C-alpha cells in the first residue's frame, strides 16, 4: 500500500483525513497519522483499517526521520515555523511534501534541491492561502486567454459563524486561532493600490476603513484591509494592474466595534501586565482608562470612546462581561492581547451545536476590445458540525486532493510552489465542486473602485 504520513491531527486535519480514508481502498492508501497527542491521532482515524495513529514528536529527530523514510508522501499540518525540518528530511529521503502554510524564506531556499530531486513541495494549498489562489488564477487566466487585460482585482475571505448559530451582538465567533483574530492588522501598515496610486492604512485606522459587499442569500458584509495586498501582485502576473486590494470579511458593524479595543490599547501584544493572574475583567478594562475619584469604569469608558448609553456599541461591550468584577483573568505575566483573547473566548467559542461559515468574494475588472467588464465570483461554505467545520473542510480538502494528485503523478512539476498553475488548480477546483465548495461567477457592469462603498 502507498503510505501517506500526516503530521498534525488538529481541527484543520479532520476533513483532510476523512477524504483520504474514503479514497483509501480504491487508491490503495494507508494513512499514518502522527501527533504529539496519541489520543487525538486515534480519534481522527475513526478506527479505520487503513489508518494507524502514532504519537509523533517532530523534535525527536530519529523518530521523525524514521516515519518520513517510510512514507510515499508527507503532509505537514504543523504550524508554519515547524515545517522546515520536515522539509529537509523530505529532501534527504526524496519524498514529496504538502502544506497549507505560507512559503517561508527557509522553505523557499529548498527550491533548487526539490527540483534536483524531482520533488513537488506544494505549499499554500489550504483556504487562504490556497483556494483563494486557485479560484483567482482560474478566472485571471480565462480573461487573459480570451485577450483581456486585468485592471482591477479585489479578493476577500472570512471565517464566520453560520446564520443559524449567529446569536451574539458581534455576529462573530472564533472559527480559527483566536490569537490571530486579536492580532489582526498588526505588524505594519496595510498596503494596496487604488486606481494606480499606492495607499497605506496604519494599524490604528484599519478598522475604520471598510468596504461593503452583498452575498446573495447571506446578506451584507464588510471587509478591512489585509496588511500587504501586493504580496502576490507579481506572482499573479498583475504588476501593471490599477487596483489591487485584499481584505478580511466580517459582518457589518464588527470593525467599528473592534476598533474600540484598538483605540483602548487592549490588542497590544508588546508588554506584560502586572498582576494579570489575580486581575478581574473590570480591573483589566479600567487599566486602560484615566483615573477619576468618582466616575465608574462604565462612565469613564463611555466618555473615553464617546459612546452613548443607548448605542449598540455599548451593548456589545456589556455582552462580553468586560465590567464583571467576579471573573478573574487567571493568566500569569500575559499581554493585553492575550488577556483580551481569554475574555473573548468566554463568549465567542463555538458551542457543540454551532456551525461555522466561510465566505470568499473576488472581483475581477478587465478591459477587452476597448470595453471594461467585471466578473464577481463568490463562494459560501457552511460547516456540518464541530469536527467537520467549514474551516476544516476548506483548509483540509485542497491539501488532500493535491496530495492524491501528486501521488498519482497528475501534478508533477517539481519545486517549492503554490497552486497557481492550470496543472494544479483545474483538477483541484473541479474536485472541490463535487464536495460542495462551489464558486458562483457572475458577469456584471464594470464598477471600478467603487468609492461609494468605502468608508474613508
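The values are calculated or read from the model by the stated rules, or taken from the named source; none is laboratory data. Computed from a predicted structure; not experimentally measured. Quick reminder, even Gly has a Cβ in these numbers, built from the backbone with ideal geometry, and neighbours come from all protein chains shown.
Here are some notes:
- Within the range 351-391, the set of residues being crowded, with 18+ Cβ neighbours inside 10 Å and outside any strand (DSSP E or B) comprises 354, 355, 383, 389, 390, 391.
- Selected residue (only one of 82, 107 is outside the structural domain of residue 419 (by TED's automatic domain parsing), under 25 Å from residue 238 (Cβ atoms) and assigned to a helix (DSSP H, G or I)): 107
- No other residue among 207, 212 is under 25 Å from residue 288 (Cβ atoms), in contact with a strand residue (DSSP E or B) (Cβ under 8 Å, 6 or more places away or on another chain) and assigned by TED's automatic domain parsing to the domain that holds residue 446 apart from 207.
- Lone unmet requirement of (1) in contact with a helix residue (DSSP H, G or I) (Cβ under 7 Å, 6 or more places away or on another chain); (2) surrounded by 19 or more Cβ atoms within 10 Å (Cβ to Cβ) for residue 334: (1)
- Qualifying residue in the range 258-268 (condition: touching a residue at least 60 places away in the same chain (Cβ under 8 Å), surrounded by fewer than 16 Cβ atoms within 10 Å (Cβ to Cβ), not in a strand (DSSP E or B) and not assigned by TED's automatic domain parsing to the domain that holds residue 366): yes
- Test: residue 68 is in a helix (DSSP H, G or I) and either touching a strand residue (DSSP E or B) at 6+ places or on another chain (Cβ under 8 Å) or crowded, with 17+ Cβ neighbours inside 10 Å (or both): yes
- Test: residue in the range 233-256 that is surrounded by 16 or more Cβ atoms within 10 Å (Cβ to Cβ) and at positive phi: yes
- When each of 186, 204 is tested for being assigned to a helix (DSSP H, G or I) and in contact with a helix residue (DSSP H, G or I) (Cβ under 8 Å, 6 or more places away or on another chain), the lone residue that passes is 204.
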